[in-house]
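Asker: Can you read through this structure? Questions will come right after.
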Amino acid sequence: MIWCMEVDRNGLEVLDRAECLRLLDRATLGRIGVTSGALPAVFPVNFLLNGDQILLLTAEGSKLDAATRNAVVAFEADDFDPMYHSGWSVLVTGVAREITDSDELAALRHAPLARWAHNGVERLMAISADMISGRRIVPGLDRNQKAPR
């Protein structure tokens, strides 16, 4: 059986939700886009995929503080191999919230999650994966062809 992948107008493979989540599950470093003082800001973060939510640690009073108040944020992670000109990128749009429920915090206490910078009181933040999209560079793929998977 031959499977065809969807290719966008730029010749990139369009990834479905399941593949986007699989790729996010392998990654540990991403970027979160927030609004800070009415201006966009993007910060690198260590993260962990837990089901279909993204978890990260932040400190009280940090630039990410505003994002813990049920703000809509963008989150992106990617991987690229310059030698083989291959890679992928996944973009998530969702609501960020601070996890404060004691049962939820207890369940996540031993999650392998590291903070980008260590200072201040740690706050656990979750981003819902309400909208998710991804693209993959497929070496040698003509953007007008449908390639077997």
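Asker: Out of all the residues in the range 11-36, which are open to solvent by 40 Å² or more (accessible area, probe 1.4 Å) and among the acidic types (Asp, Glu)?
Answerer: Passing the criteria: Asp16, Asp25.
Asker: What is the one condition in (1) closer than 23 Å to Arg109 by Cα; (2) modelled with pLDDT of 95 or more that Leu48 does not satisfy?
Answerer: (2)
Asker: Residue by residue through the range 113-134, note down the ones that are open to solvent by less than 90 Å² (accessible area, probe 1.4 Å) and either closer than 22 Å to Leu23 by Cβ or at pLDDT 65 or above (or both).
Answerer: Keep residues of the range 113-134 that are open to solvent by less than 90 Å² (accessible area, probe 1.4 Å), which gives 113-115, 117, 120, 123-129, 132-134.
Leu113, Ala114, Arg123, Leu124, Met125, Ala126, Ile127, Ser128, Ala129, Ile132, Ser133, Gly134, listed by residue number.
Asker: Checking Met5 against (1) surrounded by 13 or more Cβ atoms within 10 Å (Cβ to Cβ); (2) at pLDDT 85 or above; (3) within 30 Å of Pro139 (Cα to Cα): exactly one of these is not met. Which one?
Answerer: Status for Met5: all satisfied but (2).
Asker: Residues of the range 53-65 being farther than 9 Å from Met125 by Cβ and at pLDDT 90 or above, which ones?
Answerer: Gln53
Asker: Only residues in the range 1-26 that are farther than 21 Å from Leu56 by Cα count as the first member; pair them with residues that are open to solvent by 70 Å² or more (accessible area, probe 1.4 Å) and modelled with pLDDT of 95 or more, Cβ under 6 angstrom, at least 6 apart or cross-chain, and list the lot.
Answerer: Going by the 6 Å Cβ cut-off, the qualifying pairs are Leu12/Arg135.
The values are calculated or read from the model by the stated rules, or taken from the named source; none is laboratory data. Bear in mind the structure is a predicted one, so any value in this text is a computation, not a measurement. Counting neighbours? That spans all protein chains shown, and the Cβs are built from the backbone with ideal geometry, glycine included. Areas reflect the complete protein model, heavy atoms only, side chains present, ligands, DNA and RNA absent. Shrake-Rupley method; radii C 1.70, N 1.55, O 1.52, S 1.80 Å.
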